[in-house]
1. Restricting attention to segment D:232-249, report how many residues are buried (at least 20 other Cβ atoms within 10 Å of the Cβ) and either among the small types (Gly, Ala, Ser) or touching a His at 6+ places or on another chain (Cβ under 7 Å) (or both).
2. For B:ARG348, work out the one condition from (1) in contact (Cβ under 8 Å) with a residue 60 or more places away in the chain; (2) farther than 18 Å from B:LYS302 by Cα it doesn't fulfil.
3. Which fully enclosed helices (runs of 4 or more DSSP H) of segment A:1-118 have 1 or more residues being within 31 Å of the chain's Cα centre (by Cα), within 14 Å of D:VAL131 (Cβ to Cβ) and of a type in the set (D, E, K, R)?
4. Can you tell me which of D:ALA294, D:ALA258 is assigned to a helix (DSSP H, G or I), facing another protein chain (nearest Cβ under 7 Å) and either modelled with pLDDT of 95 or more or touching a strand residue (DSSP E or B) at 6+ places or on another chain (Cβ under 6 Å) (or both)?
5. Can C:SER226 be described as of a type outside the set (Lys, Arg), more than 27 Å from C:LYS308 (Cα to Cα) and at pLDDT 95 or above?
6. Give segment B:91-121 a look and list any residue that's surrounded by fewer than 24 Cβ atoms within 10 Å (Cβ to Cβ), in contact (Cβ under 8 Å) with a residue 24 or more places away in the chain and more than 7 Å from every other protein chain (Cβ to nearest Cβ), or say none.
7. Can you confirm whether C:VAL196 is away from ligand 11 (no atom under 16 Å from the Cβ) and buried (at least 22 other Cβ atoms within 10 Å of the Cβ)?
8. Quick one: count up the residues across segment D:199-209 that are crowded, with 17+ Cβ neighbours inside 10 Å and either within 30 Å of D:GLY262 (Cα to Cα) or within 12 Å of chain A (Cβ to nearest Cβ) (or both).
Amino acid sequence: MKKYNTPLIDDLEKGPWPSFVTEMKKAAKNNEMANDALGHLEKCYSTKVGYWKHGGIVGVLGYGGGVIGRYSELGGEFPGVAHFHTVRLNQPSGFFYTSKALKEICDIWDKYGSGLTNMHGSTGDIVLLGTKTDALEAIFAEYSSRGWDLGGSGSALRTPSCCIGPARCEWANYDTLDLTYALTQEFQDELHRPTFSYKFKIKASGCACDCVASIARADMSIIGTWKGDIKIDQAEVKNYAKTMDINAEIVNMCPTQCMSYDGKELKINNAECNRCMHCITRMTKALKPSGERGATICIGSKAPIVVGSLLSWVIVPFIKVEPPYTELKDLIRKIWEWWDDNAKPRERIGEVIEMKGMRSFLEAIGVQPQPQQIKEPRKDPFMFYTDEDIAAYKAKEAEEKKTGKYKF
Amino acid sequence: MKKYNTPLIDDLEKGPWPSFVTEMKKAAKNNEMANDALGHLEKCYSTKVGYWKHGGIVGVLGYGGGVIGRYSELGGEFPGVAHFHTVRLNQPSGFFYTSKALKEICDIWDKYGSGLTNMHGSTGDIVLLGTKTDALEAIFAEYSSRGWDLGGSGSALRTPSCCIGPARCEWANYDTLDLTYALTQEFQDELHRPTFSYKFKIKASGCACDCVASIARADMSIIGTWKGDIKIDQAEVKNYAKTMDINAEIVNMCPTQCMSYDGKELKINNAECNRCMHCITRMTKALKPSGERGATICIGSKAPIVVGSLLSWVIVPFIKVEPPYTELKDLIRKIWEWWDDNAKPRERIGEVIEMKGMRSFLEAIGVQPQPQQIKEPRKDPFMFYTDEDIAAYKAKEAEEKKTGKYKF
Amino acid sequence: MALPQRKTDIGPPHYKQFLPPVIQKNYGKWKYHEVLTPGTMVHVAESGDKLWTVRVASPRLLSTETIREQCDIAEKYCDGHLRYTTRNNVEFLVSDEKKLESLKKELKDRGFKMGGIGPHITNVVHTQGWVHCHGACTDASGLVKAMMDELYDYFETKKLPNKVRLAVACCVNMCGAVHCSDIAVVAVHTKVPTIVHEKFKNMCELPTVIGSCPTRAISPDPAQKSVKINAEKCMYCGNCFTVCPPINIKDPERDGVAIVVGGKINSLRTNPKFSKLVIPYISNEPPRWPKVVAAIKHIVEVYAKNAKKHERIGEWIERIGWERFFSLTGIDFTFQSIDDFTFMRDTMRTSATFKW
Amino acid sequence: MALPQRKTDIGPPHYKQFLPPVIQKNYGKWKYHEVLTPGTMVHVAESGDKLWTVRVASPRLLSTETIREQCDIAEKYCDGHLRYTTRNNVEFLVSDEKKLESLKKELKDRGFKMGGIGPHITNVVHTQGWVHCHGACTDASGLVKAMMDELYDYFETKKLPNKVRLAVACCVNMCGAVHCSDIAVVAVHTKVPTIVHEKFKNMCELPTVIGSCPTRAISPDPAQKSVKINAEKCMYCGNCFTVCPPINIKDPERDGVAIVVGGKINSLRTNPKFSKLVIPYISNEPPRWPKVVAAIKHIVEVYAKNAKKHERIGEWIERIGWERFFSLTGIDFTFQSIDDFTFMRDTMRTSATFKW
Ligand code: SRM
Ligand code: SRM
Ligand code: SRM
Ligand code: SRM
Ligand code: SF4
Ligand code: SF4
Ligand code: SF4
Ligand code: SF4
Ligand code: SF4
Ligand code: SF4
Ligand code: SF4
Ligand code: SF4
C-alpha cells in the first residue's frame, strides 16, 4: 500500500482532543480506501480546496435512498477514493447498542468499505464512510439480513431521531424511543423511496430541553410537554437553598415571573407558567411536572437554503402521544398530502407553508387557529376573508343584537 | 339655504366629547358648502358608503402640491360639495399661534372656503377643508401675502413637523422648533414642486418620548438624545420615595437593569444606560441628562402600503443638531440623491433601502456600519463581499501575523 | 376687490412671533413640570418662571367659529397665546397663575372639556373618513366621537396604568398612526375590487396598477386592454383602487373595521411596537358603531385591571403573553390574526413554551 | 461466498434489545440525576436503582478499530452496553457502582477523554468537510479538532455559566445545527460561481438552476444554451452549484469561514434563537485555523467573565445588547453583520435607545 506523506494533517494528531486523523490512520493500516482517503485529505489541506465531485445516483435495488454517491476528481491519483460512497444505516432509537451488534456492524464494514464511520451523522444515521459502487448490493444484503436497514436520503422521509428520553431521563413526557421506532416502521416506504418534493425530517424530544435539537433541525419537531402543575417538594427546596441562590438563579430567571421564594417556601403560580423547564432542570429533586403528558407539534425548521433558516412553528399545542400513535400518524399523512399538493420541487414544508399561508395548511390538516400557535398576531391589516368568515361575523353580530351581550 | 334632515349624524351631537357635527353645523349656518357637506355626510351614514371621487389634479400656479382635489359623485344632489378641495397650510413649528394670526386665517377661509378646518392634519398642516377650484388662486394670494405658505402633498417633501420641544419641555435635547423651521425654509422647492418618487416626511422629536410620533410616521425621524451621565439629585429622590415605590416603578422597569436603589441612594451605571427616558420622565425633578446633546437619525417609517408598515431604522446614532444645521442638511440631500437614483415610482425611501440593501444606502450617504444601527446582526450567512472587503480582511490577517496579535 | 400680491416659497411664519413671552424668555431652560390635574400642568423654568397649560379636547374638525371662540378665550387669559398639540388638542398657555382658575371656569362654562394629561386617554389621532376621503371604508370622526363619549371618564378623571393612545384610520393607508397605537381601529374592505374595463385604458397606467398590488394579484388582461385580479391573492388593500379610478372596492355591506392593539411610539422601557390585529372584522354601524366602542372599552378595562403601573398595553401583553391577552379578554382567536404577510415566519411561535 | 438473503423495509432493530437491564426495568421511571464530575452522572430511579453514565469524547469520525475498542470496554464494565449521544459522544452505562472507578481508570489509561456534562463545552456538531463532501469550503473535522484542543479545559474541568454548544458547517447548507448554536463556524464561498457553458445543457435542468437561487441572480442565457449570473445579486450560497455540476464556486484563496454566535435550541428561560453573524470572514488556514480558534476562545472567555450563571451566550448578549457584545469583545462591526436578506427590516434598530 502506498505510504502518503501527510505533514499537515499529522499535526492534527497532537493535542488532547481525540483525533480523527488518528482514526483515519488506524483504518488506513489495512484498508486501501482509507489509506487513499488520507492522502486525498492531505492534498485538500495543502491546496485548500476539496476534490469531491457532485454525487451521482447510486444505490441498492428497490430503494431510492440510503446511499450518497461520491467520486473524486483525483481518482487517478487516489484510486482508493475514486468511488467513495457513504452508506447510511438507520440507527436504533436513542443510539443504544450492544457490543455484539456494533462489532457485527464493524465486521461487515471492514469487509466491504473503508473501515471509516461517523457515529453518527447529523440526522442520526450510522454513517459508513466510503465504499465502491459494486459493493453496495453486498453491503445491503449483509446488513439487512442481520436486521439493519438503510436510512434516508434524497427527497424522502429522513431517518427519524430522538433524545434518550424515558430510557434515562426523568423529564421525558412521552416515550421518544418508542414513537421514533413506530414512525420509522410505519413509514418505511416513504423513507426508502423518495417521492416527496424534498427531504422531510422528524425529531422527537421528550421535553423543552430538546436534546435532539428538533426545533431547529426537523420539518416536524415533536417536543414533550405537560398540562398540569409543577409539584414542589419543599424539603428538597431547602436542600437546594444550601448551595443555590434560589431567587437569583431560579425565581428571577423564570420567564413568566410566576415564582416567588421568601427564603422558606417556593411558590409557583402554575396558571402563568409556560413550562419552560428552567426551574425544573435546576432543581430536579424538588420540582416535578404533574398531570396530563403529551407533546407540542411544531413544523418547518431547516437550514438557510433557499429562503433563510427557519425554526419550527407550533401547529398543535398539545397532543397525546400514546401507542399506537394513530392520531399522530394520521396528522403526518395529512401534512404530507397537503405538502404534496402544494410544493414545487425542492420546497421544504416550511417554505410551502410560508408561500401558501398558514391558514391553508391548518385547514387542510384540520387544526383550529389558537393563540398558542403564535408569538404575536399579525401587524399589517392585509388579510384574507372568506365569504364564510364574513357571514360568521355577521351571524355573531345578529346573535349579539338578540342577547344584548357582545362576544368579541 | 337648503335644510337637510340629518337624524343619524345629529345623534353625534350628544355626549360629553366635543362634536364634529356641531362644528359642521356651526359652519353650515352661513356657508353653502358646509351645509351641503352636512347633507352629504348624512347620506354616507345612511347608505354606509362614501361618495367622494378620486382626487383630480388641482393646485395653484407654480406649485405642484398643497391642494388635495376632491369631487363628489353626488355633485348634482349636493352642489356645495361638487368641488370640495382641501388646502394645506404649513403650520408654524410647534403649532403655536396668536389669536390675531388665527383669526386672520379664519377670515380668509370664511371668505373662500367652507369654514371647516382640521387643526391639524396628521402630517401637521393646517387643513382647510373644502373649497372650489376657482377659489384656489385667490386663497393662495390672500394667505401668502400675509405670510402663510402652502404645505406639501404628492410626491414631494411633506410639511415637516415637531414636538413642542424647548418651548415648553425640560427634556428637549435640541431645538426641534428651530430645526423644523430651518429645514422647511431650506427645502421650499422640494416641498412645493413634487419631483421625488413618492412622499418624504420629516418629523423632529426632542427626546425618546417622541411626542410627534416620528419613529412611526416619518421617512426621516430626528430624535433627540445625549451622550453623558444622568445626574441625580438624591434629595429629590427622597421626595419621590414618599409617593412612589422606586424599586417597583423605576429600578425594576429600567430596561438595562443599570439602576439600583437601597432605600437611601439611587445609583445608575451610566455606561449601561440606553437612555430610554423612563426613569427621567417619572422623576423629572431628580434626574437630568448631562453632557453632549444631539439626535439620533432614523430612516424609513411608513404606513403598510405596499410592503407592510415600517418603523424608522437607526442610521446615524448621534449627530449634533446646531444651527445652521449644515451637516444635517447635507445628509438629507445625500439621502434624496441616493433615493432618486434608486427608487421606482411610488417607492418610499424605506422600501428602496430594503430592496437595494442598507449597505448601498449607508455607503452612498457616507455612514459607517455601527452596532448601534442594529438590534441584532444578520442570521443567515447569505452575504455580499466586495473584493475590497476580502482584501481588507486579508491585510488584517497579514498584519496580525506580523504583530502576533489578533484583531477580530 | 383686487387680490393682494401673492408670494411663493416663503414657508410658514417664524414660530417665534407666536411664542408667549414667558416661553421666549425661558426657551430651552425648563427645569421640570408637574401635572396638577388631568387637564392642567405647570412647567417651571430654571429662572423660577412658571407656565401653566390647560389642555382642552378638540374634535379636530373645527369651524372657524370655534377657532375664533378659542382665540377670544386666549386673548382674555393668555395674552392671545394658544397652541394645538400633536394629537390635536388645544392648549391654553397661562403665565399668570391668578388667571388659571378663572380660565378653567370659563372653559367649563362654555362647555370645553379639559383632560388628557398624564396616564389618561387623550384625543384620538384620526383621518378624514366619509367627511373628505374617497377611499374611506368608514367614517373616522364619527367613530372617534362615539369612542370618546364612552371613554370620556378616562380623559377627564379616571387614571390608567399609563397613557392609552387611540387612533382611527378610515382605510389601510392608515393616515393616522394606527400602526403603533395602544388600540386602534382600521377600516377594511373585504371584497375583491371590480373593474370597469372600458375606462381602464384611458384613466390608468398599466405598470402603475400592476405595481400597486402588494400581493401581485393583478396581471394584464390584454383582451380587454385592462387588468384582471386574482381573487385568491387579493387582500382588499385598495391600493389598485387608489391609483386607478375605474377600479372600485367600496361595498356598503362588506366594508367594516378591524381592531389592532399593543402598539407604542416612544422608547421608554421597551422599543416602539407595532399594533397587532385582534378583532378582524366588525360591521359598520353608523352613527355610533356600538360594538366597536364596546370592544375598545372592554380592552381598556381589562388592561386597567391587570397591567402594572407604567405598563403600556403592548408592554403588559408582552409580559403576560398574547395567548393570555386572548383568554383574559375573551376575544376569539381567528385565522386573520395569524400573519400570512411579511412576518409570518417570525410571528409564529417557535417554542413549546406558552400558557394555556 | 454467497451473500445472505437481503431484506427490505425492515427498519432499524428494535432499540429495546440494546437497553441495559437497569434501563429496561426503570424505563420511564427515573426520579432525578446528579452530575458527579464533568464526565460522570448518576440517574436514580423511583425504584432506588441507579445508573452511572461516563461520557467520553469522540471525534465522531471513528475507525472500526476504535469502535471495537469501545465495545471491549463496554463488555468489561457495562455488560456490553454503550450508546452514543445526539452530539456524538460515547456513553458507557454502568449499573454496578463498584465498576465505575475502574472503568474511569481504564478509559483514562487508554487515552479516552471524559467530560462535557453540565455547564461545559461538549462535542462539536459538525459535518463532512473535505473528508467527504463536494460542497465543502473548509474541513470540518480539522476545525473541530483544532478548536477542541484549545477549548479542552472547558470540556474536562472548567465551568462556564451554562452549556456552550459549538458547531461547524462546511458550507451554508449547514448540515450541522450551526443556525442555532452558541458559537458556530460556517464556511463560506465569497466569489461568484463560474459556469462551463458547454456542459450546462446536458447536465443541468434550466428551471431547477434558476429556482435554486435565493436572490434570483440567475437568468437564462439562450445564446449559450446556458444561464448567466448577475454578479450584483449573487451572495455565493452555492445552491446553483449543488444542483448543476458545470457551475463551480470553489476558490482556494477566497473560500473561508464566518463566525456566528448567540443561538440556542432549548426553550428554557428564553425562546430558541438563531445564531447571528459577528465575524464575516477568516481565511482558511489548515491544519489549525489559528485565528478561528482564537476568535472562538476569545468569545468564550468574554462570556465566561461577563455572563450570569445559567445564561447562555445568546441570553447574555440579549441582556447586554449586541452593541455591548461588540465593544466587550472588540470585534469589528462590518457591513456583513447588517442583514440585507429576509429580516433586514426587523433586525435594524427602530429606537433611539442603545448603548455607546
Ligand atoms: C452526512 C451529513 C452531515 C454529517 O456529516 O453528519 C449531511 C451531508 C450532506 N448534506 Fe446535509 N447532511 C446531514 C445532515 C443535515 C442536517 C442536520 C440534521 O438533519 O439534523 C441539515 C440541516 C437541517 C435541514 O434539514 O435543513 C442538513 C442540510 C442540508 C442541506 C440544506 C437543506 C435545506 O433545505 O436547507 C443540503 C442541500 C441539499 O439538500 O441539496 C444538504 C445536503 C447534503 C449533501 C447530500 C450534499 C450533497 O448534495 O452532496 C451532503 C452529503 C455529504 C457527503 O458527501 O457525505 N444537507 N443536512 C448529515 C446526514 C447524516 C445522517 O444521515 O445522519
Ligand atoms: C389629510 C390626511 C389625514 C388627516 O385627516 O389628517 C391625509 C389624507 C390622505 N392621505 Fe394620508 N393623510 C394624512 C397623513 C398621513 C399619514 C400620517 C403622517 O403623515 O404622520 C400617513 C402615514 C405615514 C406615512 O406617510 O406612511 C399617511 C399615509 C397615506 C398613504 C400611505 C402611504 C404609504 O406609503 O403607505 C396614502 C396613499 C397614497 O399616498 O396614495 C395616503 C393618501 C392620502 C390621500 C391623499 C388619499 C388620496 O389618494 O386621496 C388622503 C386625502 C384625504 C382627503 O381627501 O383629504 N396617505 N397619510 C393627513 C395629511 C394632513 C396634513 O397634511 O397634515
Ligand atoms: C403636548 C404634547 C407634545 C406636542 O408637541 O404637542 C406632549 C407633551 C408632553 N409629553 Fe408627550 N406629548 C404629546 C404627544 C405624545 C406622543 C405622540 C402621540 O401620542 O401621537 C407620545 C408617544 C405616544 C406613544 O408612545 O405611543 C408621547 C409620549 C410621551 C411619554 C411616554 C409615555 C410612556 O409610554 O411612558 C411621556 C413621558 C410621560 O408621560 O411621563 C411624555 C411626556 C410629555 C410631557 C410630560 C413632556 C413635558 O415635560 O412637557 C408633556 C405633557 C405630558 C402629557 O400630556 O401627559 N410624552 N407624547 C403632545 C400631547 C398630545 C395630546 O394632545 O395629548
Ligand atoms: C445525552 C444527551 C441526550 C441524548 O439523547 O444523547 C443529553 C442529556 C442530558 N441533557 Fe441535554 N442532552 C444532549 C443534548 C442536548 C442538546 C442538543 C444539542 O446540543 O445539539 C440540547 C439543546 C442545546 C441548546 O439549547 O442549544 C440540550 C439541552 C439541555 C438542557 C438546557 C440547557 C440550558 O440552556 O439551560 C438541559 C438542562 C440542564 O442542563 O440542566 C439538558 C439536560 C440534560 C440531562 C441532564 C437530562 C437528564 O436528566 O438526563 C442530560 C445530561 C446533561 C448534560 O449532558 O449536561 N439538556 N441537551 C445529549 C448529550 C450531548 C452531548 O454529548 O453532550
Ligand atoms: S429532551 Fe428532555 S426528555 Fe429528552 S433527554 Fe433531554 S432533558 Fe431528557
Ligand atoms: S417552568 Fe419555567 S415558567 Fe414555569 S415556573 Fe419554572 S421557570 Fe417559571
Ligand atoms: S418628545 Fe421629548 S422633548 Fe419633545 S415634547 Fe416630548 S418629552 Fe418633550
Ligand atoms: S434612562 Fe432608561 S435605561 Fe437609563 S437608567 Fe433610566 S430607565 Fe434605565
Ligand atoms: S386613511 Fe385612507 S380613507 Fe382615510 S384619509 Fe387616509 S387615505 Fe383617506
Ligand atoms: S385591492 Fe390590493 S390586493 Fe387586491 S388587487 Fe387591489 S392592490 Fe391587489
Ligand atoms: S455543510 Fe455543506 S459541505 Fe458540509 S456536509 Fe453539508 S452540504 Fe456538504
Ligand atoms: S451562488 Fe447562490 S446566490 Fe450565487 S448565483 Fe448561485 S444560487 Fe444564486
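The values are calculated or read from the model by the stated rules, or taken from the named source; none is laboratory data. All of these numbers come straight from a predicted model, not from anything done at the bench. Backbone-built Cβ (ideal geometry, glycine too); neighbour counts: all protein chains shown.
1. 3
2. (2)
3. A:20-28
4. D:ALA294
5. yes
6. Those that are surrounded by fewer than 24 Cβ atoms within 10 Å (Cβ to Cβ), in contact (Cβ under 8 Å) with a residue 24 or more places away in the chain and more than 7 Å from every other protein chain (Cβ to nearest Cβ): B:GLU104, B:ILE105, B:ILE108, B:LYS111, B:TYR112.
7. When the stated conditions are applied, C:VAL196 does not pass them.
8. Adding up the residues that qualify gives 2.
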